[in-house]
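Below is one structure; the comments refer to it alone.
The values are calculated or read from the model by the stated rules, or taken from the named source; none is laboratory data. Quantities reported herein were computed from a predicted structural model and do not represent experimental measurements. Cβ placement follows ideal geometry from the backbone for every residue including glycine, while neighbour counts extend to all protein chains displayed. Accessible surface is based on the protein model in full, side chains and every heavy atom, while ligands, DNA and RNA are left aside. Shrake-Rupley method; radii C 1.70, N 1.55, O 1.52, S 1.80 Å.
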Amino acid sequence: MEGLVSFSMESAFMPHGHCYYWEPFILWSHAISDSIIAIAYFVIPLSLIRIVKARNDFKYMWMLILFAIFILGCGATHVMDVINIWEPFYRTDSVIRIITALASIGTALLLIFITPRLIMIPSAEQWKQLNEELLSLNESLESQVNERTAALQESGATFKFLTDTIPQIVWTAKSNGELDYYNDNWYSYTGLNKEESLASGWQKVIHFQDLQNVVNIWNHSVETGVKFQTEFRMRNAQDGSYRWHLGRALAMKDKQGNISKWFGTATDMHDQKQKSEELKRVNHELDNFVYTASHDLKAPVTNLEGLMNLIESRTPASCTDELHPLYFMMNKQIDKLKLIIHDLADVGRIEKDATEAFEKIEIRKIIDDFIVTHQEAIAKKEASIHTDLKPDHLYFSPIHLRSILYNLLDNAIKYSHPSMEPKVLIATELQDEYWVLKVSDNGIGIPEEYHDKIFEMFKRFNRYADGTGMGLYIVKRIVEKYQGEVSVVSETGKGATFVIKIPNTVVMHASE
Ligand code: ADP
């Protein structure tokens with residue numbers, strides 16, 4: 001024992017072996033058991049360190065570290081117990097014991113604190129159960145996904161079949177405007193393959209003169225979600241000819257109003273387009289003829305009127321009574337002729353006036369002008385004119401809007417009910433994609449069988465008021481010129497409402 005290192009500052013104490021009277025059994029049983037306990041204590045932290053290293057997902061690592069310190073401390077106290085049997089290093093022993101005590105009380109308190117959380121950590125059995133639940137959830141999810149995929153495949157096949165059975169070209173596009181599907185008609189018409197088609201192939205088959213316009217309208221639709229609609233020529237792979245198509249597309253939107261998909265069609269309208277071009281040409285020639293004829297007729301009618309006045313002034317007084325009714329009738333016919341020439345000139349001018357630039361027009365202003373110019377007729381019939389203008393303006397040709405309103409208002413006062421003061425209401429509103437103008441009166445009304453005919457040239461169904469039968473024809477021609485439509489709602493004796501609808505895109509600014 002003397003061979004053991006002795007520390008001079010501790011030498012005043014007696015070694016612990018004295019307490020055992022150096023009896024070998026007690027001495028060695030203490031020394032050996034304390035050594036084994038110490039070794040065990042030193043080994044435990046090694047396992048804890050392994051756990052710390054291996055399980056970096058364990059939330060309470062600091063707890064394990066504290067445990068390690070505390071156990072190391074315990075081990076050290078047992079080592080000191082062995083040393084103290086022969087060498088009394090009691091001060092060193094005290095320091096180690098204090099550190100161990102602090103570490104153990106700290107660990108114990110913290111253990112109390114985190115025990116509830118440790119209890120919450122699922123046991124291995126629970127983990128196993130959770131894992132099984134997760135596996136079965138996964139399986140059911142997988143089978144749902146499979147079912148859903150099968151349903152989607154089936155609906156995809158149905159959609160393809162459906163789009164292949166209709167005569168039009170059908171396509172779809174992603175919300176960003178990238179085209180991602182074409183039906184068979186597309187491939188047989190354009191001769192493009194799938195790869196070429198999906199790589200913006202449509203831009204290669206649209207006529208170069210129409211392409212920029214189509215791109216602009218499509219980009220605008222993709223940005224705003226508004227309906228895409230335009231006409232363009234598209235190359236037919238069979239003979240290289242370009243045929244006119246009407247392209248249309250609507251955006252499918254989710255509950256939040258975001259575009260999820262575009263569905264579009266291209267309909268061959270080549271024959272109709274050619275017919276309508278031909279009709280336009282004929283109409284144009286007719287308009288020119290009508291305009292020239294009305295212009296050329298003006299001078300002879302004015303001369304006729306002058307001659308009539310001359311004859312009237314030179315008629316001997318003795319014949320005046322006899323001839324006066326005849327002069328009166330002839331003058332009336334000349335007035336009628338002048339009215340017809342005036343209306344014919346209006347018809348002939350429809351196309352010419354269309355070249356006039358669109359302006360922002362306050363509708364009220366035209367109504368006020370009408371009231372001023374038709375003061376006499378309004379006062380005579382004690383007519384009242386009311387308005388409900390929402391919106392109160394539009395962008396249009398001023399001459400054309402004036403012509404529409406003047407003709408409708410003129411009729412509303414002219415065809416008033418014999419026992420009622422005329423009440424006219426002019427209303428405007430925005431309805432979906434249309435700007436709508438309604439002119440209603442409480443006049444004699446129009447029998448249903450005439451609702452279509454009244455818009456034809458020279459068709460009149462009332463002889464109580466003067467007219468040429470051209471007013472409503474002019475209105476219809478103007479409205480149709482701007483892709484609009486006109487209709488009437490009326491019953492005999494119950495007044496009439498003329499409804500004019502013109503696409504918003506024509507008469508309203510996109511910013512409004
Ligand atoms: P005009 O008034 O010169 O006869 P229009 O083309 O303006 O010609 O009208 C055609 C016909 O439609 C009229 O002759 C009349 O029979 C009928 N009509 C037009 N507007 C009205 C109206 N507001 N109320 C009743 N009938 C009308």
Please find, among Thr492, Thr505, the residue that is at negative phi and in a loop (DSSP other than H, G, I, E, B).
Thr492
Exactly one condition in (1) buried (at least 21 other Cβ atoms within 10 Å of the Cβ); (2) within 15 Å of the ligand (Cβ to nearest atom) is false for Leu394; which is it?
(2)
Which count do you get for residues in the range 291-334 that are loosely packed, with under 13 Cβ neighbours inside 10 Å and either touching a residue at least 60 places away in the same chain (Cβ under 8 Å) or under 22 Å from Asn407 (Cα atoms) (or both)?
2
Here the residues within the range 419-470 that are under 38 Å from the mean Cα position of the chain (by Cα) and free of Cβ contacts under 8 Å to residues at least 24 places away in the same chain are Asp432, Asp452
Matching helices (runs of 4 or more DSSP H) fully within the range 282-389 where at least 3 residues are within 16 Å of the ligand (Cβ to nearest atom) and within 27 Å of Val507 (Cα to Cα)
317-353
Identity of the residue in the range 455-469, open to solvent by 60 Å² or more (accessible area, probe 1.4 Å) and near the ligand (Cβ under 7 Å from one of its atoms), that ends up farthest from Ile404 (Cα to Cα)
Phe461
Of all residues in the range 157-177, which are closer than 19 Å to Gly225 by Cα and either surrounded by 11 or more Cβ atoms within 10 Å (Cβ to Cβ) or of a type in the set (Asp, Glu) (or both)?
Val170, Trp171, Thr172, Ala173, Lys174, Ser175, Gly177
Picking from Leu401, Leu408, which residue would you name as being buried (at least 16 other Cβ atoms within 10 Å of the Cβ) and under 19 Å from Pro503 (Cβ atoms)?
Leu401
Do the conditions hold for Lys501, that is, is it within 33 Å of the chain's Cα centre (by Cα), more than 9 Å from the ligand (Cβ to nearest atom), crowded, with 17+ Cβ neighbours inside 10 Å and under 24 Å from Met420 (Cβ atoms)?
no
Run down Asp239, Asp180, Asp184 and say which single residue is open to solvent by 70 Å² or more (accessible area, probe 1.4 Å) and farther than 18 Å from His270 by Cβ.
Asp184
With respect to Asn219, is the statement that it is assigned to a helix (DSSP H, G or I), open to solvent by 60 Å² or more (accessible area, probe 1.4 Å) and touching a residue at least 24 places away in the same chain (Cβ under 8 Å) true?
yes
Search result, residues across the range 475-490 that are open to solvent by less than 50 Å² (accessible area, probe 1.4 Å), at pLDDT 95 or above and either near the ligand (Cβ under 9 Å from one of its atoms) or not hydrophobic (A, V, I, L, M, F, W, C) (or both)
Val475, Gly484, Val488, Ser490
State yes or no: is Glu449 open to solvent by 80 Å² or more (accessible area, probe 1.4 Å), among the charged types (D, E, K, R), within 16 Å of the ligand (Cβ to nearest atom) and not in a helix (DSSP H, G or I)?
no
Just to verify a result, which residue in the range 416-427, among those that are surrounded by fewer than 21 Cβ atoms within 10 Å (Cβ to Cβ) and within 13 Å of the ligand (Cβ to nearest atom), is nearest to Thr497 (Cα to Cα)?
Leu425
From Leu430, Leu472, residue being part of a helix (DSSP H, G or I) and either within 11 Å of the ligand (Cβ to nearest atom) or out of contact with any Pro (no Cβ under 6 Å at 6 or more places or on another chain) (or both):
Leu472
Kindly indicate whether Tyr434 is open to solvent by 20 Å² or more (accessible area, probe 1.4 Å), within 19 Å of Asp353 (Cβ to Cβ) and hydroxyl-bearing (Ser, Thr, Tyr).
no
